[in-house]
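The values are calculated or read from the model by the stated rules, or taken from the named source; none is laboratory data. Since we're looking at a predicted model, the values are computed, not measured. Note that each Cβ is placed from the backbone with ideal geometry, even for glycine, and that neighbours are counted across all protein chains shown. These area figures cover heavy atoms from the full protein model, side chains too; ligands, DNA and RNA do not enter into them. Shrake-Rupley method; radii C 1.70, N 1.55, O 1.52, S 1.80 Å.
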Amino acid sequence: MRDTQFFYRAYWTSLNSGVAALTSDWSRARPPKLFWGEDKLALKNVQRLSLTYYGRQSGYFGEPEHFVFMVCPKNYPHLDFAQSGLFVAGSFNDWNPLDKEGQWQLTEEEDKEGATIWILRIARELLPAPESGAIEFKFVTGDHYWLPVPDAAPNVGMDDQGNRNFLLVPKRSGKHLFSFETPLPYQQNQGRQLGSEIGGNIEYIPLQAGVFLRDLHTDLRLGALVKTDSTVFRLFAPRAQAVKISLFQNLSDRGKEWHEMHRMDEGLVWEWVVPGNKHGWYYDLRVSGDTSEPFSHFDSRFNILDPYALAVVGPEGPAIVIDRKTLPQPVSKFTPPHWHDLVIVEAHVRDLIGQAPADIDTAGRSRFSGLTRWLQESSCYLRTLGVNAVEFQPLQVFDSVDPAEYAWGYMPVNYFSPASQYASDASKATQIGECAAMIKACHDAGLAVILDVVYNHVGEPNYLQFIDKQYYFLLDENGNYLNYSGCGNTLDADAAMVRRLIVDSLQHWIEVFDVDGFRFDLGELIGVEALSFIEQELKKIKPSIVLIAEPWSFRGHIAHELRRTGFASWNDSYREGVRNYVRGKASADHLSYLFRGCMDSLTRFPAQTVNYVESHDDRCWIDKITENPGYNGWWPTANDRRRTHMMLAILMLSAGIPMLSAGMDMLKSKGGANNTYLRGDLNELDYERARQYPTTWQYFRQWIALRASKLGRLVRLDGLPSEGYYAMFSHRSAMVMLINADLSNGPSQLLFACNPHFEPVDFAFEGVCMDGFIQIADAERCHADLNPLSEPVLPLHSDNLRLPPLSFGLWCRL
């Protein structure tokens with residue numbers, strides 16, 4: 001932060017008011033003399049702000065004898081401090097406040113305005129300031145959840161491990177803040193600075209846009225709006241000084257003619273109206289603004305792709321005007337399976353069709369149309385696998401300029417347009433109809449469609465930074481991007497129009513393409529509050545919508561917070577735990593926790609966990625567990641296959657939503673490669689491996705069918721199981737699990753036993769009779785029709801079971 005002689009920082013709080021933060025507390029009764037600009041215009045209503053105003057922002061304020069730690073519960077609506085307890089932690093209590101008998105626990109009070117706050121008063125002498133002049137602290141609940149430090153907090157510090165903490169600065173305790181009203185509104189003040197004269201010295205400081213900027217919004221429709229006799233173009237750009245548009249019918253005329261757009265809606269939105277229906281025409285935008293400070297990235301010469309464009313020629317534009325009357329209109333809406341009935345496969349469009357054994361021409365093997373064609377055949381991989389949902393890697397247009405270039409698609413440049421890279425003729429917006437046809441073909445095949453969406457960052461070109469860098473992105477105090485995504489920037493999902501952009505585009509994909517659900521990449525960066533808002537808005541138009549979050553980022557992890565929402569989340573604990581278990585490196589107790597849907601702490605209902613062991617990221621399953629050197633599972637060993645089969649049995653019997661990665665059933669290998677973002681040659685499914693490993697190919701299909709069967713309802717839990725539903729027997733990390741042990745879910749039962757070790761294990765069942773069970777699966781066979789295995793190799797006796805090395809089996813009692 002800036003630390004000058006008088007001013008510390010200054011920022012806008014509305015379109016005509018701001019706050020000055022002085023370097024130190026102001027002890028005088030009268031406020032300091034502040035003025036506006038070099039011509040020293042008088043400011044109105046200069047007054048000291050309340051101490052709790054600073055406390056809401058900074059987590060503390062000061063009193064003569066105490067420092068007061070403060071939390072506003074409305075900022076954490078998903079947490080119940082009364083139930084969990086709330087504590088402050090820092091170096092002053094060794095970052096372990098829970099063992100101090102309540103000394104560091106906050107209590108509930110009301111401030112002078114009647115708002116509920118949680119506070120703790122600590123004598124100043126108990127908090128000696130370190131040499132740095134600041135004390136690091138953070139808040140933690142009694143169940144060990146650390147409250148994230150808001151990005152907008154003015155007193156953020158990073159420790160050596162990269163953790164964000166509050167900083168308590170003794171010389172700034174809340175008496176250093178003054179509010180004021182400016183003589184001119186925000187849009188007319190570019191270049192003017194806040195000034196003060198102390199002891200004959202004049203000091204100026206520019207006003208940052210501040211938190212208020214993210215609250216600016218419009219309810220007007222945005223983008224290109226085709227009407228009967230005119231076409232309207234609108235762009236939200238609150239800090240722009242000028243916006244131009246170029247509209248042209250032929251691509252060869254791009255940029256030849258530019259028109260000035262005009263301010264409306266209190267100067268937040270720019271509009272241009274042209275006579276006639278311009279459907280199919282093309283357009284670019286250019287935005288000008290103040291470039292004197294690092295929080296802006298305006299460039300009046302740069303062509304900007306409209307964030308609300310419904311179709312684009314390519315990632316570098318231009319946008320295409322689309323009359324909404326021409327958009328696909330799904331005749332009948334598809335209803336996805338209930339969450340607890342879902343079996344998902346994650347897949348990439350090009351990975352599926354690149355080597356598909358189907359009559360698809362070369363061009364079609366990289367397009368929506370190619371997969372549509374294959375889906376119409378009964379032999380299509382997605383149809384024969386037996387799953388009932390496909391989670392597509394991103395289908396929104398991304399940053400690859402050459403359509404032939406392979407990429408996963410996690411660098412989006414527009415959120416409404418389907419990928420131009422997968423279109424037969426993107427210049428004619430065929431991607432809209434072709435993407436809709438592919439999704440309909442999935443529905444016709446009985447497959448729900450979930451889209452992987454990336455709303456935590458944007459790709460290159462980063463058009464939003466040219467519209468308003470500070471509005472759309474998280475920045476540090478110097479105007480640099482906070483790169484929590486690892487992709488160069490992080491969208492600010494707490495900004496009103498970022499949140500609207502997310503919701504509007506998702507609603508578009510539901511209404512036009514009949515999408516059944518979304519998986520949010522790096523959902524931690526979107527945050528629980530924004531995700532909850534998204535859930536609320538999307539369920540208004542599709543109550544059955546499937547919502548899944550990847551609950552982590554380079555900043556943190558929110559899986560436990562999501563427990564209180566209607567989101568499911570990718571379960572990385574499951575991924576790591578099962579992989580360790582089949583290699584004999586995890587306990588039976590941990591497997592039991594995962595097996596039961598992580599109900600002890602992570603989930604509120606079983607289907608809130610998406611159980612998986614492989615996704616597009618990192619090495620694939622077989623490469624991670626192979627006994628071969630170099631993580632190369634291309635030629636898997638017998639033990640690699642056995643462990644894969646054991647994993648599949650655990651996955652299909654676990655409570656929650658199972659997710660496979662396309663090709664796992666063929667023991668897909670990437671030869672040990674870790675990041676294959678641009679490696680289509682390694683990611684494309686090699687269907688010849690199904691012939692190499694036909695037993696595994698069929699084994700996957702039988703287990704998927706078993707989970708979908710009537711008996712599979714015992715593991716497809718749609719509610720909380722009874723306390724005695726599961727009964728576990730363990731020896732070392734070998735496990736026997738009796739499902740529906742208390743018969744609370746009908747008369748049928750399942751018994752699963754597994755031994756991940758290279759030594760045999762003997763189980764004795766005391767007080768439990770195992771008579772009447774028939775074996776329906778072992779390490780090489782699975783009978784989804786429930787017919788008993790011929791010559792079972794794992795004889796189950798009424799009171800004992802012997803499991804050979806690296807073995808497992810499933811029995812049922814009907």
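At 222 nm, what helix-only mean residue ellipticity would the chain give, in deg cm²/dmol to the nearest 500, using -39500 (n - 2.57) for each DSSP H run of four or more? List each step's numbers first, then the result.
Details: 18 runs with 157 residues, N = 814.
Result for the chain, helices only: -5500 deg cm²/dmol.
Rounded to the nearest Å, what's the spacing between the alpha carbon centres of the range 568-639 and the range 282-330? Just the number, please.
Measuring centre to centre over Cα atoms gives 42 Å.
Which of the pairs 325/428; 244/278; 428/542; 440/542; 542/710; 244/325 have their Cα atoms more than 21 Å apart in this structure? If you can, show how the numbers build up before the last one.
Working: 325/428 16 Å; 244/278 17 Å; 428/542 30 Å; 440/542 17 Å; 542/710 28 Å; 244/325 27 Å.
Where the Cα-Cα span goes over 21 Å, the pairs concerned are 428/542; 542/710; 244/325.
Report, ordered by chain and residue number, the lysines lying within cross-link reach of residue 100, taken as a straight Cα distance under 22 Å and ignoring same-chain residues fewer than 8 apart.
Cα-Cα hits under 22 Å: 138.
Distance from a point 7 Å along Cα→Cβ of residue 728 to each backbone N in the range 596-618: keep the residues under 16 Å and list them by number.
596-603
What order, most packed first, do the peptides 122-128, 335-341, 387-393 have when packing is the mean number of other Cβ atoms within 10 Å of each residue? Walk me through the intermediate numbers first.
Numbers: 122-128: 12.6, 335-341: 17.3, 387-393: 23.6.
Descending packing order for the listed peptides: 387-393, 335-341, 122-128.
Carbon and sulfur together cover what percent of the accessible area of the chain at a 1.4 Å probe radius? Could you put the intermediate results ahead of the total?
On the way: 15280 of 31770 Å².
It is 48 percent, rounded to a whole number.
Can you sort 38, 110, 688, 524 by solvent-accessible area, 1.4 Å probe, largest first?
Details: 38 165, 110 130, 688 95, 524 15 Å².
From most exposed to least exposed: 38, 110, 688, 524.
Which helices, taking whole DSSP H runs in the chain, have alpha carbons extending 24 angstrom or more along the helix axis plus mean Kyte-Doolittle at least -1.0? Display every interim value, and only then the final one.
Working: long enough: 496-513 (25 Å, 0.63).
Long hydrophobic helices here: 496-513.
Just to be sure I understand the model, the point goes 7 Å from the Cα along the line to the Cβ. What's the resulting residue 793 to residue 688 distance in nm?
2.9 nm
Rounded to the nearest 10 Å², what accessible area does residue 297 have for a 1.4 Å probe in the complete protein model?
Per-residue accessible area (residue 297): approximately 70 Å².
Would you list 300, 427 from the most to the least accessible area, probe 1.4 Å? Spell out each step's value before the answer.
Numbers: 300 60, 427 35 Å².
The most accessible residue leads, giving 300, 427.
Using Cα pairs under 8 angstrom and six or more residues apart, how large is the relative contact order of the range 384-506, in percent? Numbers along the way, then the final one.
Working: 177 pairs, mean separation 29.3, N = 123.
Value for the range 384-506: 24 percent.
About the Cα centre of the chain, how large is the charge dipole given +1 on each Lys and Arg Cβ and -1 on each Asp and Glu Cβ? Please answer in debye to the nearest 20. Walk me through the intermediate numbers first.
Numbers: 77 positive and 99 negative charges, 176 e Å.
Dipole of the chain, to the nearest 20 debye: 840 debye.
For the peptides 798-806, 462-470, 157-165, what is the packing order when you average, over each peptide's residues, the other Cβ atoms within 10 Å and list the highest mean first? Each step should come with its number before you reach the end.
On the way: 798-806: 16.2, 462-470: 22.7, 157-165: 13.0.
The densest-packed peptide leads the list: 462-470, 798-806, 157-165.
Please compute the contact order of the chain in relative form: average sequence separation of alpha-carbon pairs under 8 Å and at least six residues apart, divided by the residue count, as a percent.
Numbers: 1774 pairs, mean separation 69.8, N = 814.
Result for the chain is 9 percent.
Among 598-604, 271-277, how do they line up from the highest to the lowest mean number of other beta-carbon atoms within 10 Å? Walk me through the numbers on the way to the answer.
On the way: 598-604: 16.9, 271-277: 14.6.
Sorting 598-604, 271-277 by mean packing, highest first, produces 598-604, 271-277.
Excluding residues fewer than 8 places away in the same chain, name every one of the lysines whose C-alpha is closer than 27 Å to that of residue 33.
Candidates past the 8-residue exclusion: 44, 171, 175.
What is the gain in length, in nm to one decimal, between residue 113 and residue 264 on full extension, counting 0.36 nm per residue of separation less the C-alpha to C-alpha distance? Before the final figure, lay out the partial values.
Values: separation 151, 0.36 × 151 = 54.36 nm, distance 3.53 nm.
Full extension of this stretch gives 50.8 nm more.
Would you give the gap between the C-alpha center of the range 375-441 and the C-alpha center of the range 1-50, rounded to a whole Å?
53 Å
Counting pairs of alpha carbon atoms under 8 Å apart in space and at least six apart in sequence, what relative contact order in percent does the range 261-313 give? All intermediate terms of the calculation are to be shown ahead of the outcome.
Values: 41 pairs, mean separation 12.4, N = 53.
With pairs under 8 Å counted, the relative contact order is 23 percent.
Hey, if you put +1 on the Cβ of every Lys and Arg and -1 on every Asp and Glu Cβ in the chain, which of 498, 250, 206 ends up farthest toward the positive end of that dipole?
The residue sitting most towards the positive pole is 250.
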